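The values are calculated or read from the model by the stated rules, or taken from the named source; none is laboratory data. The structure presented is a predicted model; accordingly, all values stated were derived computationally and were not measured. Neighbour counts run over all protein chains shown; Cβ positions are idealised from the backbone, glycine included.
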Amino acid sequence: MRNLSTAALQPLTIPVLLITLAGATVCAATASAAQGSTRGANAPLRGKDVGVSLAQGPNVLVILGDDFNWTDFDSVPTPNLDQLATQGMTFARAYAMPVCSPTRAALLFGRYPRRDGIGDIVTLEPPGPDNPTPSLDLFSLPECLRAHPDGDYRSAIFGKWHLGSNVFYDGDPAPDFGPYDWGAITPRLHGFDSWYGSMGNLRDYSSWTSVVNGAYVPSTEYAERFVLDKFLSWWHTPRGPKFAYVAFHNAHANYHAPPPDLLPPGYPTPVGARQEFEAMIVSLDLMIGRMLAEVDLTNTYVFFLSDNGSPLGVSIDDCPPRPSEPFTPFECGKHTVFEPGVRVPMIVAGPDVVPGSESQALVSCVDLMATVCELVGVPSLGEDSVSFRPSLLDPTFSARRMLFTEIFGEFPLFIGGNAMKFESAAIGQRYKLRRINGVETLYDLALDPREAAPISVNDPAFASQVAELRAVLDDPLERSLQTR
């Protein structure tokens, strides 16, 4: 792989919540119908325990790192993830969205976030036109797993949610009923049985507001230790098969030195943002090692990836200056669709995955839903998700011909002030077409991996490549343009 460029609260179950708040539940169903349900009139209520028999399906563990790409990941020692790679498959051409919330939406709902108007970070304000959030009508990955015919998948989320609240949140974090708040219950309304973590980014990893199954709990416990300990406590508890989504905060700012016991023995004290950023990735690897020590890969599929590329200021990517860029002329990482902003590490291990293998298949974060569902044996309801299970059996196979990534919203201009930015890319096995506010540039990733030498889209020698990629940018929701 390395050669790749609290106060204790009793858990509140959703069924109990539905009984306790019957009136609110009726309102929830009515509001969802008003939004335009994609489930059908007789679909189950959000979070309902369908009560099927003991499952025989595999466990699923999805681990999401934060704010680092392949280059920065490869620049630090990660022995535990290296070991996972020897047991599974490394994907060299895995892509995410350029920023965290859109990636998380794509991963959990199997659809390009543009379908829901999500182009940038989702805030903790109530949902609205200026702060779109995933609709409660959407089927999430944990809900799809519950459709397994032979069992009852239990699910939990640990760590960062970062997809906002729901239509019932009033903007006030004070509890709405008992210790529980409508905003903090959002992941459970999207189908998770349990959730322990934070609603969004952290200003201070050692003084923060945790969420314990829908209740806000002030915490002075180091946030990543909280995530790790909650996962380890939960992993062996549920009966039957389980799905865990562990979204660590590392290595997102604020950069800091992790506690010594969450770093390898003798690890030097980091000095400055770059060294702290590296230490956070090293600490993430150590925590993942402790998680994997409790995981049986003969009955568990493990997916590891990052949510987007590395930010300006800590990344070691050499970004060529782009004088004509009105937004970020010296940046090519996070918040852009350049390779350092969207090409992320991905490792998959588990039953039947070819051990120690590497695949050049094009894979998007949106593809996790269809892949997990196919591995488990349930239908995927993600409109844009393409299963890469065939690649796990044959590393030379790619179900995608190309993929799509984008970011849009209001961003600061290099010359001062703000403006709307619409930046997207269609990425094929070799060529990539980038479009920013209508201006297109073509790149040959085989000859120009730094994207320093754009090719004119009017060059007749590349007319067919441009036409094929442009069709995806013009209609990214037409999946036949991206699949084989």
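Points to keep in mind about this one:
- Residues that are closer than 30 Å to Leu232 by Cβ and among the β-branched types (Val, Ile, Thr), drawn from the stretch 284-340: Ile288, Val295, Thr298, Thr300, Val302, Val314
- Residue check for Leu64: at pLDDT 95 or above, part of a helix (DSSP H, G or I), of a type in the set (A, V, I, L, M) and within 23 Å of Gly350 (Cα to Cα): no
- Just one of (1) within 17 Å of the chain's Cα centre (by Cα); (2) assigned to a helix (DSSP H, G or I) fails for Val122. It is (2).
- Any chance Ser391 is touching a Pro at 6+ places or on another chain (Cβ under 6 Å), at pLDDT 95 or above and closer than 23 Å to Pro58 by Cα: no
- Of the criteria (1) among the polar types (S, T, N, Q); (2) closer than 20 Å to Leu108 by Cα; (3) in a strand (DSSP E or B), which one Ser380 fails: (3)
- Index of the failed condition, Gln275 passing every other in (1) crowded, with 17+ Cβ neighbours inside 10 Å; (2) more than 30 Å from Val376 (Cβ to Cβ): (1)
- Put simply, of Gly191, Gly183, Gly164 the only residue that is under 24 Å from Gly240 (Cα atoms) and of a type outside the set (Ser, Thr, Tyr) is Gly191.
- Residue in the stretch 400-417 that is out of contact with any strand residue (DSSP E or B) (no Cβ under 9 Å at 6 or more places or on another chain) and in a helix (DSSP H, G or I) present: no
- Selected residue (criterion: farthest from Ser194 (Cα to Cα)) from residues of the stretch 145-166 that are of a type outside the set (Phe, Trp, Tyr), at pLDDT below 95 and touching a helix residue (DSSP H, G or I) at 6+ places or on another chain (Cβ under 7 Å): His148
- Test: residue in the stretch 454-466 that is more than 24 Å from the chain's Cα centre (by Cα), under 26 Å from Val99 (Cβ atoms) and not in a helix (DSSP H, G or I): yes
- Scanning the stretch 301-351 for residues that are assigned to a loop (DSSP other than H, G, I, E, B) and under 30 Å from Lys242 (Cβ atoms) yields Asp307, Asn308, Val344, Pro345, Gly350, Pro351.
- Long-range neighbours under 9 Å by Cβ, at least six apart or interchain, first residue under 15 Å from Arg434 (Cα atoms) within the stretch 453-465, second of a type in the set (Ser, Thr, Tyr) and surrounded by fewer than 15 Cβ atoms within 10 Å (Cβ to Cβ): Phe462/Ser456
- Qualifying residue in the stretch 354-370 (condition: modelled with pLDDT of 95 or more, under 18 Å from Pro113 (Cβ atoms), surrounded by 23 or more Cβ atoms within 10 Å (Cβ to Cβ) and not hydrophobic (A, V, I, L, M, F, W, C)): yes
- Residue, farthest from Ala273 (Cα to Cα), within the stretch 228-238, restricted to residues that are in contact with a helix residue (DSSP H, G or I) (Cβ under 8 Å, 6 or more places away or on another chain) and buried (at least 20 other Cβ atoms within 10 Å of the Cβ): Phe231
- Some residue of the stretch 434-454 being in contact with a Pro (Cβ under 6 Å, 6 or more places away or on another chain), surrounded by fewer than 17 Cβ atoms within 10 Å (Cβ to Cβ) and of a type in the set (S, T, N, Q): no
- At least 3 residues being more than 20 Å from the chain's Cα centre (by Cα) and among the basic types (Lys, Arg) is the threshold, and among the helices (runs of 4 or more DSSP H) wholly inside the stretch 134-238 not one reaches it.
- Residues (assigned to a loop (DSSP other than H, G, I, E, B), crowded, with 18+ Cβ neighbours inside 10 Å and of a type in the set (Ser, Thr, Tyr)) located in the stretch 239-272: Tyr255
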